[in-house]
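Have a look at the structure below, then the notes.
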Amino acid sequence: MADPLVALGRAVREAREEAELSQERCGELAGLHRNEIGALERGEKNVSFLNLLRVCAAVKRSPSELLSGFSVPAVLRLPPKRRHTRHQEK
């Protein structure tokens, strides 16, 4: 599986285009800025679950439709999430 954010972005773009929505109109319907829609479609933004639901509503697709190409084994092979550590003063 390719980068899951890129794959999700492609699915969102395809759904948006099939709904004949511009990024701007999709953003308005979802309550997001058009730049966020663009970043999501390019795989640059790890969208929150609530925002994903808003985008699904805007493009009139269920989350399962947008996520149909994903599988648990493929997601489990992703590299571990980087953890940010706070600088601790001694």
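All of the numbers you see were taken from the coordinates with simple rules; none came from a lab. Model, not experiment: these values are computed from the prediction. Here the Cβ is made from the backbone with ideal geometry for all residues, glycine too, and neighbour counts use every protein chain on show.
In whole Hz, what ³J(HN,Hα) sequence does the stretch 47-53 give by Karplus (6.51, -1.76, 1.60; θ = phi - 60°), x for Gly and Pro?
Each residue's phi maps through the Karplus curve to give 6, 6, 4, 5, 5, 4, 4 Hz.
Report ³J(HN,Hα) in whole Hz for each residue of the stretch 7-18, in order, from the Karplus equation J = 6.51 cos²θ - 1.76 cosθ + 1.60 where θ = phi - 60°; Gly and Pro get x.
5, 5, x, 5, 5, 5, 4, 4, 5, 5, 5, 5
Can you list the residues of the stretch 42-66 with backbone N under 18 Å from a point 7 Å past the Cα of Glu14, pointing along Cα to Cβ?
Zone members listed by number: 42-44, 55-66.
Taking Rh as the Kirkwood radius, which is the inverse of the mean 1/r over Cα pairs, what is the Rg/Rh value for the stretch 4-73?
Computed over Cα atoms, the ratio is 0.93.
Taking amide hydrogens as modeled 1.01 Å from N in the peptide plane, which residues meet the under 5 Å criterion relative to Gly43, leaving out close sequence neighbours?
Gly9
Please turn the phi angles of the stretch 25-40 into ³J(HN,Hα) values with the Karplus equation 6.51 cos²θ - 1.76 cosθ + 1.60 (θ = phi - 60°), one per residue in order, whole Hz, x for glycine and proline.
5, 4, x, 4, 5, 8, x, 10, 6, 4, 5, 5, 5, x, 5, 4
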